[in-house]
1. Right, B:Val144: crowded, with 22+ Cβ neighbours inside 10 Å, touching a helix residue (DSSP H, G or I) at 6+ places or on another chain (Cβ under 7 Å) and either more than 9 Å from every other protein chain (Cβ to nearest Cβ) or not in a helix (DSSP H, G or I) (or both) or not?
2. Could you count how many residues in region B:150-177 are more than 19 Å from B:Thr249 (Cα to Cα), among the β-branched types (Val, Ile, Thr) and at the interface with another protein chain (Cβ under 7 Å from one of its Cβ atoms)?
3. Considering only residues that are under 16 Å from A:Leu106 (Cα atoms) and within 7 Å of another protein chain (Cβ to nearest Cβ), which ones fall in region B:95-112?
4. Given the criterion within 14 Å of chain B (Cβ to nearest Cβ) and without any contact (Cβ under 8 Å) to a residue 24 or more places away in the chain, identify the matching residue among A:Leu460, A:Leu384, A:Leu449.
5. Go through B:Ala196, B:Ala202, B:Ala238 for me and flag whichever is more than 27 Å from A:Ile348 (Cα to Cα), modelled with pLDDT of 85 or more and not in a helix (DSSP H, G or I).
6. Filter region B:242-268 for residues that are part of a helix (DSSP H, G or I) and modelled with pLDDT of 90 or more; which is farthest from the other protein chains (Cβ to nearest Cβ)?
7. Would you call B:Glu58 surrounded by fewer than 16 Cβ atoms within 10 Å (Cβ to Cβ), outside any loop (DSSP other than H, G, I, E, B) and modelled with pLDDT of 70 or more?
Amino acid sequence: MPSQPTLTGDATDPTGTTGGTSGPRGLSARDRDRPARGPVRPGTLVKIALMAVVNALGVFGVLAAWREGHMGILASMVALVVVADWVYFSKRTLPLKYILPGLAFLLVYQVYVVGYTGWVAFTNYGDGHNSTKEQAVEALLLQNERRVEGSPTYPLTVVDRGGALGFAIVEDGEAMVGTADDPLSEVPDATVDDDRVTEVPGATVLSRQDILRRQSEVTSLRVPVSDDPNDGWVRTQDARTGFLATPTLQWDPEADTMTDVTTGTVYEATSDGSFRSDDGQRLNVGWRVMVGLDNFRTAFGDERYAQPFVKILVWTFAFAILSVVSTFLLGLFLAITFNDTRVRGRKIYRTLLIFPYAIPGFLAALLWSGMLNRSYGFINQVLLGGAAVPWLTDPWLAKLSVLGVNLWLGFPYMFLICTGALQSLPGDVLEAAKVDGASAWRTWRSVTLPLLLVATSPLLISSFAFNFNNFTLIYMLTGGGPRFADASVPLGHTDILISMVYSVSGLDGTAAKNYGLASALSIVIFLIVATISAITFKRTKQFEEIS
Amino acid sequence: MVTTDVTASSSTAPGPDEHRMPRRRWLAELGWRHLVGVVAVVYALFPIVYVISASLSEGGTLTGSNQLFAQVSTSNYEALGGTLFWTWLGNSLQIAIATGVGTVLMGAAAAYAFSRFRFTGRRVGLTSLLIIQMFPQMLAFVAVFLLLIALGNVVPALGLNSKLALIAVYLGGALGVNTFLMYGFFNTIPRELDEAAKIDGATHAQTYWTIILRLVTPILAVVALLSFISTFGEFIIARLVLQSERNWTVAVGLYGWVSALLEANWGLFAAGAVISALPVLVLFLFLQKYIVGGLTAGAVKG
């Protein structure tokens, strides 16, 4: 793999295990076959120690994944450990030795996550559609249970089998044992005393104290009667007698229907991942299915979302563009002001002007949210002499406030980069303009500004992309509010797309979780940002740097 | 960055200098610049002065903080001891430092490989990095959350409510954002140096650790700092991942104070804000010239 001729032989690993022993310097074959010359390098020891740790952690992870039955994670862990061993113990993988650590993190926490976002965007994942169909059926049957009237009770013993709680009952003189995951089955060699199981091979009978300690576990335990969940399960309330409970819903795998046995209503499985009756009623637990472009249709077409979405999209662009323009103009103006070597104390001015930029963004936003408070804030109370201007609660003023705070936060950055750009302008060009008799204004318009824009435009565009997703500022300052009056979803006038995604996802607890729609909106943002970035890259020819 | 002579920089508001220039001309050419400068400095600093004053006010309420420096008391700072603030600050520093160090180590190693070795997949690798960095990790927070739920079932230390998991998530963004910044810088170090070291019998690892890394220290400092600063202020993923109060970072904790009871917690918040701004501020002022260099190379504060 490494095609670099000069680096083959001793090119092995970043910790430097093999010395300059082999290859191009014409050593004899015997020399080369010797494993190491002289004492073992400390690097080798470090490498072996590190790889031992990696392998140990890997084995631990693999075992844990096996125990949880999580095959996807298991496969990834095996792959990571195998690749790591191959890379660091083979001599043919030099570049990978340097790239692998970062690459592993990148693959798991960025590439996979982005891909997963893409997948979720096409599903109905969220509240009510959280899991697979089998799990949804199971949850529905459990939720809708009732005690079978007139059914017999069983003498019951609580047992612990391999760490899992279970019941041992006696039915028609036969001892049966089961746990939550393992249906009741006959255990012929269990000891039955006075019509009650007292001993079970391979399991311990819980004492009265143990039962009291684990009371809630015992009373919520359901031990299925058979593999068919429709048959019901054994439960207990006093840990001494068990009763049979059956679901009021009857699951028919062949017809793919749920039947409510009390009312006779039939719920059919639909393609959107839930059970629906003929009169349009739905059972409250559904499952995850692919819904195609539905989430995108909701974002653009459903009136609950579409109207706020368009408003928020427009405001996101306005916010990002106005932020860049306002900070750039102020920063440029200040840069020009101090770009005169005759001004005394420039260094002090500059240092003081950087301060807002050195304050972490979240602190600044929180600070301003207090200062702009309508009733008690510094701006209203002191600067405006007790006025009650609704800075953060009026739709337009809130937008103005967001822009104002972002101007305060962002102008020092623009000031810095404009200063840098002005100082690196080629002197001869300016000289030439002077010699040609151009006025100061003309020089500025036709020479300085264009050169300045060329130098700063990539930064302006990345600043745009940054502000496009400036979640912290919006969330900390206004929380997206004031809320839209007409919308049923928790969105507001200063929400930008990324904060809309956050609200829609429901992860902050203000709305029902809707991972599918949130991911679809993420994809929309990604497409916008990627388009803009792609244009930038083309302009700045960054791709051509790769040679 | 700036070449001002020492004597000139020591005074901020010099009087008109009649020896060199008549007063009218001074006003027209330089005086207005000082006027603008003073206005800009006031604009830039008054919120900072305000928060310092609020942190020193006795009552600790929003209303009570409006009179600047009416009282000077350390009661708010003392009250921080009764909260989880110091735990949060410790968490933030741990997470930000670990992320900063990890980012530098992994980013520099990858940049070295891309800059010095020629291997199959190199161009594809660089191009993919460029494309991947367009997708901010923050955008995929839903998927990050779901991934951590799954991982947490298997290895709790990598799941929700673990600082280690949060660091791992942040490190996932390390390569995409920083490799290019570093790659460009590595390319400016002449290859002859590597070759000379090689001829002297150094392994590639020795070359990397003892020669190249020393020469690229400025870019390492920039990347470590920017990574530290953006991690310190990161909110959205930290909020999702760190669920129990003891594990919160400063950003999550202070947001909790302000969003819950703005009026009553204001003094506490102000004191906490002053303290948590200090590490970043100090780094910034001392390493100004590195940061400015890094900024113009294309990084944006988070």
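1. In short, no.
2. Qualifying residue count for the region: 2.
3. Matches in region B:95-112: B:Met106, B:Gly107, B:Ala109, B:Ala110.
4. Details: A:Leu460 fails: without any contact (Cβ under 8 Å) to a residue 24 or more places away in the chain; A:Leu449 fails: within 14 Å of chain B (Cβ to nearest Cβ).
Result: A:Leu384 is the single residue among A:Leu460, A:Leu384, A:Leu449 that is within 14 Å of chain B (Cβ to nearest Cβ) and without any contact (Cβ under 8 Å) to a residue 24 or more places away in the chain.
5. Answer to the selection: B:Ala202.
6. Result: B:Arg246.
7. no
Residues are listed down the side, and each one gets a yes or a no for (1) within 30 Å of B:Phe186 (Cβ to Cβ); (2) buried (at least 23 other Cβ atoms within 10 Å of the Cβ):
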site	(1), (2)
B:Thr217	yes, no
B:Leu226	yes, yes
B:Leu240	no, no
B:Glu245	no, no
B:Thr249	no, yes
B:Ala264	no, no
B:Val282	yes, no
B:Phe286	yes, no
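The values are calculated or read from the model by the stated rules, or taken from the named source; none is laboratory data. This is a predicted model, so every value here is computed, not measured. Backbone-built Cβ (ideal geometry, glycine too); neighbour counts: all protein chains shown.
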